[in-house]
1. Any idea which of A194, A181 is in contact (Cβ under 8 Å) with a residue 24 or more places away in the chain, surrounded by 20 or more Cβ atoms within 10 Å (Cβ to Cβ) and farther than 19 Å from F162 by Cβ?
2. Just name the residue that is modelled with the lowest pLDDT out of those in the stretch 238-267 that are under 30 Å from Q223 (Cβ atoms) and hydroxyl-bearing (S, T, Y).
3. Across the stretch 154-178, what is the number of residues that are part of a helix (DSSP H, G or I), without any contact (Cβ under 8 Å) to a residue 40 or more places away in the chain and under 21 Å from the mean Cα position of the chain (by Cα)?
4. T99: touching a Phe, Trp or Tyr at 6+ places or on another chain (Cβ under 6 Å), β-branched (V, I, T) and surrounded by 22 or more Cβ atoms within 10 Å (Cβ to Cβ), yes or no?
5. Cβ contacts < 7 Å: first residue among the acidic types (D, E), restricted to the stretch 248-265; second residue surrounded by 11 or more Cβ atoms within 10 Å (Cβ to Cβ) and at pLDDT 95 or above, any location; separation 6+ or different chain. Result?
6. Determine, yes or no, whether L231 is in contact (Cβ under 8 Å) with a residue 60 or more places away in the chain, in the same structural domain as D55 (by TED's automatic domain parsing) and not β-branched (V, I, T).
7. Report, by residue number, each residue of the stretch 203-216 that is small (G, A, S), assigned to a loop (DSSP other than H, G, I, E, B) and surrounded by 18 or more Cβ atoms within 10 Å (Cβ to Cβ).
8. Based on what the data block shows, is V182 in the same structural domain as G128 (by TED's automatic domain parsing), outside any helix (DSSP H, G or I), of a type in the set (V, I, T) and on the phi < 0 side of the Ramachandran plot?
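The values are calculated or read from the model by the stated rules, or taken from the named source; none is laboratory data. From a predicted model like this one, the values you see are computed outputs, not experimental measurements. Neighbour counts run over all protein chains shown; Cβ positions are idealised from the backbone, glycine included.
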Amino acid sequence: MTASGDREPQPAKKLTIPEIRARRGGVPLAMVTAYDYPTARLAEEAGIDLILVGDSLGMVVLGYDSTVPVTLDDIVHHCRAVVRGAPRTHVVADLPFLTYAIDDARTIEHAGRLIQEGGADAVKIEGGRDVAPRIAALVRAGIPTMGHVGLLPQRVGELGGFKVQGRDIASARALLDDAAAVAEAGAYAMVVEAVPAELAARLTERASIPTIGIGAGAACDGQVLVSQDLLGFEQRTAPRFVKRYAELGAAARSAYAAYAADVRSRTFPGPAQSYRMPEDALRALEETIG
(Lines give C-alpha, C1' and ligand atoms only; values in the text may rest on other atoms or scores of the structure.)
Protein backbone atom coordinates (compact mmCIF):
# COMPACT_ATOMS: atom_id res chain seq x y z
CA MET A 1 0.00 0.00 0.00
CA THR A 2 1.10 3.57 -0.61
CA ALA A 3 1.06 6.27 2.07
CA SER A 4 -2.34 7.36 0.79
CA GLY A 5 -3.72 3.84 1.21
CA ASP A 6 -3.87 3.04 -2.52
CA ARG A 7 -2.62 -0.29 -3.81
CA GLU A 8 0.78 -0.42 -5.45
CA PRO A 9 0.65 -1.28 -9.17
CA GLN A 10 0.41 -5.01 -9.88
CA PRO A 11 3.17 -6.65 -11.93
CA ALA A 12 2.51 -6.00 -15.63
CA LYS A 13 3.63 -9.54 -16.46
CA LYS A 14 5.39 -12.39 -14.76
CA LEU A 15 9.18 -12.44 -14.79
CA THR A 16 10.76 -14.72 -17.36
CA ILE A 17 13.81 -16.90 -16.74
CA PRO A 18 16.11 -14.48 -18.67
CA GLU A 19 14.71 -11.54 -16.70
CA ILE A 20 15.37 -13.32 -13.41
CA ARG A 21 18.91 -14.19 -14.49
CA ALA A 22 19.44 -10.55 -15.42
CA ARG A 23 18.64 -9.46 -11.86
CA ARG A 24 21.97 -10.92 -10.68
CA GLY A 25 23.81 -7.99 -9.14
CA GLY A 26 20.84 -5.69 -9.74
CA VAL A 27 17.63 -4.87 -7.89
CA PRO A 28 17.12 -7.69 -5.37
CA LEU A 29 14.33 -10.19 -6.03
CA ALA A 30 11.51 -10.33 -3.46
CA MET A 31 10.17 -13.87 -3.01
CA VAL A 32 7.65 -15.30 -0.53
CA THR A 33 5.94 -18.62 -0.02
CA ALA A 34 2.24 -19.07 -0.65
CA TYR A 35 0.06 -22.16 -0.48
CA ASP A 36 -3.44 -20.86 -1.24
CA TYR A 37 -5.41 -18.52 -3.49
CA PRO A 38 -5.92 -15.54 -1.14
CA THR A 39 -2.30 -15.37 0.00
CA ALA A 40 -1.04 -15.63 -3.58
CA ARG A 41 -3.47 -12.93 -4.73
CA LEU A 42 -2.32 -10.54 -2.02
CA ALA A 43 1.35 -11.23 -2.77
CA GLU A 44 0.82 -10.47 -6.44
CA GLU A 45 -1.13 -7.29 -5.68
CA ALA A 46 1.78 -6.19 -3.46
CA GLY A 47 4.25 -6.58 -6.32
CA ILE A 48 6.12 -9.67 -5.08
CA ASP A 49 8.50 -10.93 -7.80
CA LEU A 50 8.37 -14.68 -7.20
CA ILE A 51 6.18 -17.06 -5.22
CA LEU A 52 7.43 -20.37 -3.87
CA VAL A 53 4.97 -23.18 -3.28
CA GLY A 54 7.36 -24.74 -0.80
CA ASP A 55 7.25 -28.01 1.04
CA SER A 56 7.36 -25.76 4.11
CA LEU A 57 3.59 -26.07 3.78
CA GLY A 58 4.03 -29.31 5.71
CA MET A 59 5.06 -27.38 8.81
CA VAL A 60 3.12 -24.10 8.56
CA VAL A 61 -0.11 -25.34 6.94
CA LEU A 62 -0.43 -29.11 7.48
CA GLY A 63 1.00 -29.23 11.00
CA TYR A 64 3.90 -31.64 10.52
CA ASP A 65 7.18 -31.31 12.40
CA SER A 66 9.25 -31.31 9.19
CA THR A 67 8.88 -31.08 5.42
CA VAL A 68 9.50 -34.81 4.93
CA PRO A 69 5.83 -36.00 4.98
CA VAL A 70 4.82 -33.62 2.17
CA THR A 71 3.86 -35.48 -1.01
CA LEU A 72 3.94 -34.56 -4.67
CA ASP A 73 0.13 -34.53 -4.69
CA ASP A 74 0.20 -31.99 -1.84
CA ILE A 75 2.41 -29.62 -3.82
CA VAL A 76 0.37 -30.04 -7.01
CA HIS A 77 -2.86 -29.31 -5.12
CA HIS A 78 -1.56 -26.15 -3.45
CA CYS A 79 0.24 -24.99 -6.58
CA ARG A 80 -3.01 -24.94 -8.54
CA ALA A 81 -4.57 -22.62 -5.99
CA VAL A 82 -1.54 -20.31 -5.98
CA VAL A 83 -1.43 -20.06 -9.76
CA ARG A 84 -5.11 -19.12 -9.83
CA GLY A 85 -4.44 -16.41 -7.27
CA ALA A 86 -1.29 -15.03 -8.90
CA PRO A 87 -1.46 -15.56 -12.67
CA ARG A 88 1.04 -12.76 -13.36
CA THR A 89 3.70 -13.89 -10.89
CA HIS A 90 6.55 -16.35 -11.47
CA VAL A 91 5.64 -19.45 -9.42
CA VAL A 92 8.20 -22.03 -8.31
CA ALA A 93 7.14 -25.41 -6.89
CA ASP A 94 9.23 -27.58 -4.59
CA LEU A 95 10.11 -31.14 -5.51
CA PRO A 96 9.30 -32.92 -2.24
CA PHE A 97 11.32 -35.54 -0.37
CA LEU A 98 12.30 -38.62 -2.44
CA THR A 99 10.70 -37.35 -5.67
CA TYR A 100 14.16 -36.90 -7.22
CA ALA A 101 16.15 -39.58 -5.37
CA ILE A 102 15.81 -42.61 -7.65
CA ASP A 103 16.65 -41.71 -11.24
CA ASP A 104 16.45 -38.99 -13.87
CA ALA A 105 13.35 -40.39 -15.54
CA ARG A 106 11.22 -40.32 -12.41
CA THR A 107 12.59 -36.92 -11.44
CA ILE A 108 11.49 -35.53 -14.81
CA GLU A 109 8.10 -37.22 -14.48
CA HIS A 110 7.52 -35.74 -11.04
CA ALA A 111 8.71 -32.28 -12.03
CA GLY A 112 6.54 -32.48 -15.13
CA ARG A 113 3.46 -32.91 -12.96
CA LEU A 114 4.27 -29.71 -11.10
CA ILE A 115 4.46 -27.87 -14.43
CA GLN A 116 1.58 -29.54 -16.29
CA GLU A 117 -0.87 -30.21 -13.46
CA GLY A 118 0.20 -27.62 -10.92
CA GLY A 119 0.77 -24.82 -13.41
CA ALA A 120 4.16 -23.84 -11.94
CA ASP A 121 6.69 -21.93 -14.03
CA ALA A 122 9.64 -23.79 -12.52
CA VAL A 123 10.62 -26.36 -9.91
CA LYS A 124 13.07 -26.21 -7.01
CA ILE A 125 15.35 -29.04 -5.91
CA GLU A 126 17.44 -29.32 -2.74
CA GLY A 127 21.11 -30.30 -2.88
CA GLY A 128 24.45 -29.50 -4.42
CA ARG A 129 26.90 -31.70 -6.29
CA ASP A 130 24.79 -34.77 -5.50
CA VAL A 131 21.74 -33.44 -7.37
CA ALA A 132 23.58 -31.60 -10.16
CA PRO A 133 22.97 -34.50 -12.60
CA ARG A 134 19.24 -34.31 -11.82
CA ILE A 135 19.23 -30.56 -12.45
CA ALA A 136 20.96 -31.10 -15.78
CA ALA A 137 18.41 -33.76 -16.74
CA LEU A 138 15.50 -31.48 -15.83
CA VAL A 139 16.93 -28.58 -17.83
CA ARG A 140 17.52 -30.84 -20.85
CA ALA A 141 13.86 -31.84 -20.60
CA GLY A 142 12.85 -28.18 -20.77
CA ILE A 143 11.92 -27.78 -17.11
CA PRO A 144 13.27 -24.55 -15.56
CA THR A 145 14.96 -25.48 -12.29
CA MET A 146 15.94 -23.49 -9.22
CA GLY A 147 18.61 -24.89 -6.91
CA HIS A 148 18.77 -24.88 -3.10
CA VAL A 149 22.01 -25.10 -1.13
CA GLY A 150 23.06 -24.61 2.47
CA LEU A 151 20.57 -25.90 5.01
CA LEU A 152 18.42 -28.54 3.32
CA PRO A 153 15.16 -28.92 5.28
CA GLN A 154 14.43 -32.31 3.73
CA ARG A 155 17.64 -33.62 5.34
CA VAL A 156 17.29 -32.21 8.85
CA GLY A 157 17.44 -35.73 10.27
CA GLU A 158 20.84 -36.25 8.70
CA LEU A 159 22.00 -32.76 9.68
CA GLY A 160 20.85 -33.09 13.28
CA GLY A 161 18.30 -30.29 13.07
CA PHE A 162 17.83 -26.88 11.52
CA LYS A 163 21.42 -25.69 11.89
CA VAL A 164 23.48 -22.99 10.18
CA GLN A 165 25.71 -24.47 7.48
CA GLY A 166 29.24 -23.51 6.38
CA ARG A 167 30.65 -22.22 9.65
CA ASP A 168 33.97 -24.09 9.35
CA ILE A 169 36.43 -24.03 6.47
CA ALA A 170 35.69 -27.55 5.22
CA SER A 171 31.93 -27.12 5.07
CA ALA A 172 32.28 -23.61 3.64
CA ARG A 173 34.39 -24.88 0.77
CA ALA A 174 31.99 -27.75 0.21
CA LEU A 175 29.09 -25.30 0.04
CA LEU A 176 30.90 -23.14 -2.52
CA ASP A 177 31.51 -26.28 -4.60
CA ASP A 178 27.84 -27.23 -4.29
CA ALA A 179 26.72 -23.80 -5.49
CA ALA A 180 29.09 -23.94 -8.47
CA ALA A 181 27.79 -27.39 -9.42
CA VAL A 182 24.17 -26.25 -9.25
CA ALA A 183 24.88 -23.29 -11.53
CA GLU A 184 26.96 -25.35 -13.96
CA ALA A 185 24.16 -27.92 -14.20
CA GLY A 186 21.82 -25.26 -15.59
CA ALA A 187 19.81 -23.91 -12.64
CA TYR A 188 18.59 -20.37 -13.34
CA ALA A 189 18.78 -19.27 -9.68
CA MET A 190 19.40 -20.82 -6.28
CA VAL A 191 18.12 -20.47 -2.75
CA VAL A 192 20.88 -20.17 -0.14
CA GLU A 193 19.57 -21.09 3.30
CA ALA A 194 21.02 -20.61 6.80
CA VAL A 195 24.56 -19.68 5.78
CA PRO A 196 26.83 -17.09 7.46
CA ALA A 197 26.44 -13.71 5.75
CA GLU A 198 30.15 -13.51 4.89
CA LEU A 199 30.09 -16.89 3.15
CA ALA A 200 26.83 -16.09 1.33
CA ALA A 201 28.38 -12.85 0.07
CA ARG A 202 31.37 -14.71 -1.37
CA LEU A 203 29.11 -17.39 -2.84
CA THR A 204 27.01 -14.68 -4.50
CA GLU A 205 30.10 -12.99 -5.94
CA ARG A 206 31.30 -16.27 -7.45
CA ALA A 207 27.93 -17.55 -8.66
CA SER A 208 26.92 -17.12 -12.28
CA ILE A 209 23.22 -17.13 -11.38
CA PRO A 210 21.15 -15.11 -8.86
CA THR A 211 21.18 -16.20 -5.24
CA ILE A 212 18.05 -15.89 -3.11
CA GLY A 213 18.84 -15.86 0.57
CA ILE A 214 16.94 -17.02 3.61
CA GLY A 215 19.04 -16.53 6.70
CA ALA A 216 22.02 -15.76 4.47
CA GLY A 217 22.57 -12.02 4.90
CA ALA A 218 21.87 -9.03 2.70
CA ALA A 219 24.41 -9.60 -0.08
CA CYS A 220 22.30 -12.18 -1.96
CA ASP A 221 20.52 -11.21 -5.17
CA GLY A 222 17.15 -11.68 -3.50
CA GLN A 223 15.42 -12.82 -0.34
CA VAL A 224 12.67 -15.33 0.45
CA LEU A 225 10.58 -15.70 3.59
CA VAL A 226 7.76 -18.04 4.59
CA SER A 227 4.57 -15.97 4.57
CA GLN A 228 3.33 -17.43 7.86
CA ASP A 229 6.56 -16.25 9.49
CA LEU A 230 6.60 -12.71 8.12
CA LEU A 231 2.88 -12.24 8.76
CA GLY A 232 3.05 -13.56 12.32
CA PHE A 233 0.84 -16.63 11.87
CA GLU A 234 3.45 -19.27 12.73
CA GLN A 235 3.84 -19.50 16.50
CA ARG A 236 5.82 -22.73 16.98
CA THR A 237 9.15 -21.53 15.63
CA ALA A 238 10.87 -18.16 15.33
CA PRO A 239 14.12 -18.50 13.34
CA ARG A 240 16.61 -15.69 13.88
CA PHE A 241 16.45 -14.70 10.22
CA VAL A 242 12.71 -13.98 10.30
CA LYS A 243 11.44 -10.41 10.50
CA ARG A 244 7.77 -10.14 11.36
CA TYR A 245 6.04 -7.47 9.29
CA ALA A 246 2.65 -8.07 10.94
CA GLU A 247 1.12 -9.95 13.87
CA LEU A 248 -1.87 -11.44 12.09
CA GLY A 249 -1.85 -14.52 14.30
CA ALA A 250 -2.56 -12.46 17.40
CA ALA A 251 -5.12 -10.40 15.50
CA ALA A 252 -6.90 -13.56 14.29
CA ARG A 253 -6.90 -15.08 17.79
CA SER A 254 -8.48 -11.90 19.19
CA ALA A 255 -11.07 -11.90 16.41
CA TYR A 256 -12.01 -15.55 17.10
CA ALA A 257 -12.34 -14.81 20.83
CA ALA A 258 -14.54 -11.77 20.19
CA TYR A 259 -16.73 -13.80 17.82
CA ALA A 260 -17.13 -16.60 20.36
CA ALA A 261 -18.07 -14.10 23.07
CA ASP A 262 -20.68 -12.48 20.81
CA VAL A 263 -22.20 -15.85 19.92
CA ARG A 264 -22.43 -16.92 23.56
CA SER A 265 -24.01 -13.61 24.59
CA ARG A 266 -26.39 -13.69 21.59
CA THR A 267 -25.14 -10.31 20.35
CA PHE A 268 -24.18 -11.98 17.08
CA PRO A 269 -25.92 -12.18 14.73
CA GLY A 270 -27.61 -8.82 15.19
CA PRO A 271 -30.18 -7.09 12.99
CA ALA A 272 -27.50 -6.06 10.50
CA GLN A 273 -26.52 -9.70 9.93
CA SER A 274 -30.08 -11.10 9.80
CA TYR A 275 -32.72 -11.40 7.06
CA ARG A 276 -36.34 -10.24 7.61
CA MET A 277 -39.60 -11.53 6.18
CA PRO A 278 -41.98 -9.03 4.56
CA GLU A 279 -44.66 -8.00 7.07
CA ASP A 280 -47.54 -9.48 5.05
CA ALA A 281 -45.72 -12.79 4.68
CA LEU A 282 -44.97 -12.84 8.39
CA ARG A 283 -48.63 -12.18 9.29
CA ALA A 284 -49.77 -14.92 6.93
CA LEU A 285 -47.27 -17.34 8.46
CA GLU A 286 -48.44 -16.53 12.00
CA GLU A 287 -52.06 -17.06 10.98
CA THR A 288 -51.12 -20.38 9.37
CA ILE A 289 -49.25 -21.79 12.33
CA GLY A 290 -51.45 -20.22 14.94
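1. Matching residue, one of A194, A181: A181.
2. Y245
3. Selection size over the stretch 154-178: 1.
4. Considered against the rule, which asks whether it is touching a Phe, Trp or Tyr at 6+ places or on another chain (Cβ under 6 Å), β-branched (V, I, T) and surrounded by 22 or more Cβ atoms within 10 Å (Cβ to Cβ), T99 comes out as no.
5. These pairs meet every condition: D262/F268.
6. no
7. If the condition is that a residue be small (G, A, S), assigned to a loop (DSSP other than H, G, I, E, B) and surrounded by 18 or more Cβ atoms within 10 Å (Cβ to Cβ), then A207, G215, A216 are the ones that fit.
8. no
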